[in-house]
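Here's the structure we're looking at; comments come further down.
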Amino acid sequence: MNRLSLSQIIASFAVLLLSTGAALMMGASPFAIALPVLAGVIVLAITADAGTPPPDVPDVAMDEPDLIDHPDFASLLEGISDPLMLVERGRIARANRAAQRLLGAHIEGDDARIAIRHPAAAERLASLAPLAEPFMIELVGLGTREQRWQMRVAPVGAVADMRRLVHLVDHSGTHAAERMRVDFVANASHELRTPLAGILGFIETLADPELGKDDETRQRFLKIMDGEARRMQRLVDDLISLSRIEAEKYRAPDASVDLGELVAEAVNVFRSSHGERGREVEMEVSPGRQAVQGDRAQLSQLLHNLIGNSVKYGRPGTPIRVTLSEGGSRMCRLSVADEGEGIGPDHLPRLTERFYRVDSGRSRAMGGTGLGLAIVKHIVERHRGRLDVASVLGKGTTVTVLLPLMHDAESPALSSSPGTMSSN
């Protein structure tokens, strides 16, 4: 029933009194008028009381379960593969397994500043001020010295609870890829700029009317210019080759290649074109089927790069052994071994990086571009194989490549699994 306002009640009484007075003037009996008047007064009273608001009843607080005690909270944290923590008043209330692997299994209950020992994060995690919106911080060195993380902190629940959800995202791979890209551009520019500067300098010298008359000087300069130009050409060829191999990285080759025949062909090329050192290349091919599903041109390039490195860096008068045999697990094993100075263990993990050289001066003097093993690595990856480099200082280096045989290369598992590289 709707409530009548005070003005409506007064107006109703006024109409009732006027009606009563008019009825008396018209000669109606008082008894006949009293009953309707009493009924109208009762109706007005009921209507006025119906609108009276009930007395204030205090709200009964509903007991809601705490977020941490919710049965699905733990599974929610574990559903995120990144490190995830719930921080309450500066202490870690809960942490998923990824966070415990990164920071330690004991971190629950610890001060967040102790668990995440980083100056950029300590002040924010210890603050008890209300957090209006999420914020992000870049962290370097958390976990390992080279790792880079993005820490996102967002408020959770009521402001009075002072709870923060801390999410760590590993950006190490992205940063490494960006650094490699920047280094690649810088190194490629440097490798091209050095011979180009030499060529331009010799051209200016030969353009001098006086110096240009000396035939001996001119021939010597032209020989150097020719060497520098060919070095630039090799570098450009290697860069183009590497780019093509990377473009085809995820498309497995589909031709059948007789690796034994290809090894014999490459060894014969070195024996006939590299003089005395070339004749020191030895070959041992085990009998049997050595067919792999591959790209013949790329596998030939792989062989020439590996044998060429041994020819350059192996000690003169020592053999270079090229071996092809069964590798187990339906794989074909190709190894190239030399007896050179060897490579230190600190250099082994970086050998397949572009432009990385153990001895820059010696490599350039021998015509190396610093891309040979990088090309080998990408060829092996495209062929779903495995690359291993083992070296002992003073004794020599052995590079081993495992490639799946023809019928194994057709299996989905080998077509989808990437190649790997290890060092010993």
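The values are calculated or read from the model by the stated rules, or taken from the named source; none is laboratory data. This one's a predicted model, so the numbers in the text were calculated from it and none came from an experiment. No Cβ is skipped: glycine too gets one built from the backbone with ideal geometry, and neighbour counts run over all protein chains shown. Calculation scope for accessible area: heavy atoms of the full protein, side chains included, ligands and nucleic acids excluded. Shrake-Rupley method; radii C 1.70, N 1.55, O 1.52, S 1.80 Å.
Could you check, for region 250-270, whether at least one of its residues is surrounded by 12 or more Cβ atoms within 10 Å (Cβ to Cβ) and basic (Lys, Arg)?
For region 250-270, residues surrounded by 12 or more Cβ atoms within 10 Å (Cβ to Cβ) and basic (Lys, Arg): absent.
Output the residues belonging to region 238-260 that are over 21 Å from the mean Cα position of the chain (by Cα), farther than 15 Å from Leu403 by Cβ and small (Gly, Ala, Ser).
Passing the criteria: only Ser241.
Scan region 186-198 and give yes if some residue there is in contact with an Asp or Glu (Cβ under 6 Å, 6 or more places away or on another chain), within 24 Å of Arg357 (Cα to Cα) and open to solvent by less than 80 Å² (accessible area, probe 1.4 Å), otherwise no.
Yes.
Which condition does Ser172 not pass, out of (1) open to solvent by 60 Å² or more (accessible area, probe 1.4 Å); (2) under 30 Å from Ile137 (Cα atoms); (3) among the hydroxyl-bearing types (Ser, Thr, Tyr), if it passes all the others?
Single failed check for Ser172: (1).
Checking the condition surrounded by 12 or more Cβ atoms within 10 Å (Cβ to Cβ), part of a helix (DSSP H, G or I), touching a residue at least 40 places away in the same chain (Cβ under 8 Å) and not acidic (Asp, Glu), which residue from Leu125, Leu142 passes? Please lay out each step first, then the result.
Values: Leu142 fails: part of a helix (DSSP H, G or I).
Exactly one of Leu125, Leu142 is surrounded by 12 or more Cβ atoms within 10 Å (Cβ to Cβ), part of a helix (DSSP H, G or I), touching a residue at least 40 places away in the same chain (Cβ under 8 Å) and not acidic (Asp, Glu), namely Leu125.
Hey, does region 325-341 have a residue that's within 35 Å of the chain's Cα centre (by Cα) and among the basic types (Lys, Arg)?
Yes: one or more hits.
Tally time: how many residues in region 313-337 are crowded, with 18+ Cβ neighbours inside 10 Å and over 29 Å from Gln293 (Cβ atoms)?
Total satisfying the criteria: 2.
Tell me yes or no: at least one residue of region 146-156 is open to solvent by 70 Å² or more (accessible area, probe 1.4 Å), modelled with pLDDT under 80 and out of contact with any helix residue (DSSP H, G or I) (no Cβ under 9 Å at 6 or more places or on another chain).
The answer is no, given that none of the residues of region 146-156 is open to solvent by 70 Å² or more (accessible area, probe 1.4 Å), modelled with pLDDT under 80 and out of contact with any helix residue (DSSP H, G or I) (no Cβ under 9 Å at 6 or more places or on another chain).
Looking at (1) touching a Lys or Arg at 6+ places or on another chain (Cβ under 9 Å); (2) in contact (Cβ under 8 Å) with a residue 24 or more places away in the chain, which one does Leu206 not meet, given that it meets all the others?
It fails just one condition, (2).
Are there any pairs, at least 6 apart or on different chains, whose C-beta atoms fall under 9 Å, with the first in region 282-309 and more than 18 Å from Phe270 (Cβ to Cβ) and the second polar (S, T, N, Q) and not in a helix (DSSP H, G or I), and if so, which?
Here the result reads Ser286/Thr323; Ser286/Ser325; Gly288/Ser325; Gln290/Ser325; Ala291/Ser256; Val292/Ser256; Gln293/Ser256; Gly294/Ser256, each pair linking region 282-309 to a residue that is polar (S, T, N, Q) and not in a helix (DSSP H, G or I).
Would it be correct to say that Gly340 is closer than 30 Å to Ala188 by Cα and either open to solvent by less than 30 Å² (accessible area, probe 1.4 Å) or modelled with pLDDT under 85 (or both)?
Here the answer is yes, as Gly340 does meet what is asked.
Taking the condition of being of a type outside the set (A, V, I, L, M) and touching a helix residue (DSSP H, G or I) at 6+ places or on another chain (Cβ under 8 Å), how many residues in region 179-232 meet it?
At the first step, the residues of region 179-232 found to be of a type outside the set (A, V, I, L, M) are 179, 181, 183-184, 187, 189-191, 193-195, 198, 201-202, 204-205, 208-210, 212-221, 223, 226-228, 230-231.
Now narrow it down to the ones that are touching a helix residue (DSSP H, G or I) at 6+ places or on another chain (Cβ under 8 Å): 191, 195, 198, 202, 205, 212, 217-218, 221, 228, 231.
Total satisfying the criteria: 11.
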